[in-house]
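The values are calculated or read from the model by the stated rules, or taken from the named source; none is laboratory data. Note that the coordinates shown come from a computational prediction; the quantities given were computed from them, not determined experimentally. In this analysis, Cβ positions are derived from the backbone assuming ideal geometry, glycine residues included, and neighbour counts consider all displayed protein chains. For accessibility, only protein heavy atoms count, side chains too; no ligands or nucleic acids. Shrake-Rupley method; radii C 1.70, N 1.55, O 1.52, S 1.80 Å.
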Amino acid sequence: MKTEEELKGLPHVPISTFKANPAHYLETGALITTHGHVRAAFVPMDEPDELPGLDSVKAQLKLLSRMRQPDHVAEELRDLRRTRDSEDVGEPR
């Protein structure tokens with residue numbers, strides 16, 4: 001969460017400039033202005049470096065694409081659903 005002082009330090013950007021290239025502000029963030037007045041704050045969120053279990057899900061999907069027997073595919077799909085459904089959902093942002 002940004003403090004008020006950190007928010008004040010963000011660059012002031014007209015909405016037309018922000019809409020033209022929002023990706024430019026992914027790292028720094030920006031205060032979006034309309035007619036010189038701040039109307040919104042674009043604040044980048046800290047993302048985890050890697051999602052837990054992503055590599056294992058990718059490996060399971062790759063394996064599924066190579067399987068030929070329906071019963072093996074069904075078993076692998078059950079495992080994939082079980083691991084997917086057991087993941088914890090993080091705090092809302």
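Tell me whether the range 23-40 contains one or more residues that are at pLDDT below 80, open to solvent by 60 Å² or more (accessible area, probe 1.4 Å) and out of contact with any Leu (no Cβ under 7 Å at 6 or more places or on another chain). No, there is no match, as no residue in the range 23-40 is at pLDDT below 80, open to solvent by 60 Å² or more (accessible area, probe 1.4 Å) and out of contact with any Leu (no Cβ under 7 Å at 6 or more places or on another chain).
Residue pairs whose Cβ atoms lie under 8 Å apart, sitting 6 or more positions apart in sequence or on different chains, and linking a residue in the range 3-31 that is assigned to a strand (DSSP E or B) to a partner that is open to solvent by 80 Å² or more (accessible area, probe 1.4 Å), are 30/12; 31/12.
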